[in-house]
């Protein structure tokens, strides 16, 4: 299985903002963005030149890919499905990415980061409507109940992640029972419920070239 093995903090610095790829570390002063908010590499501190239109579109696509942890081929497939559906392609794209099982598990606090949530899914630690599903890209539908298996729920890491997410507050499109380690995916998120720093319109422009 192909994976992006680039250092997580380096990815955040390249995009110039927190992508929350390192779980609890991202919420502390140890976060790389807090200490070095410039791009990585030898010329990182001198990379403030203005990007072309294509450059801005490409950087936004890369940022969204890294945020959701998907590779280029996967991203193109998701975009094709978003373009096929009714409604605005950009909003459809974000909803499909948020509807992935690894994203839903992350939003429910089963893992401190999407990578951690994806690992739990891969290791057979998640049930969807009572059925074991170990495919991170599985598309969760509104009304589906997602829960940790007894073994996964009993780990210290899962309990700590659930408690930390409960303290910060869960996303409005999921309803979570922390003690039971389960939640309901209520609906695909509306655009105004997602981070305003994402500019999906640039991605649509890029793929429409």
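What follows is calculated from the coordinates using simple rules that are stated; it is not laboratory data. Note that this is a predicted model, so its numbers are computed, not measured. Here the Cβ is made from the backbone with ideal geometry for all residues, glycine too, and neighbour counts use every protein chain on show.
Here are the numbers for the structure shown:
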{"read-out": "Selection status of residue 201, surrounded by 13 or more Cβ atoms within 10 Å (Cβ to Cβ) and touching a strand residue (DSSP E or B) at 6+ places or on another chain (Cβ under 6 Å)", "value": "no"}
{"read-out": "Criterion: under 25 Å from residue 203 (Cβ atoms) and buried (at least 22 other Cβ atoms within 10 Å of the Cβ) - qualifying residue of 93, 162, 148, 139", "value": "93"}
{"read-out": "Residue 168 vs. criteria under 19 Å from the mean Cα position of the chain (by Cα) and closer than 21 Å to residue 91 by Cβ", "value": "no"}
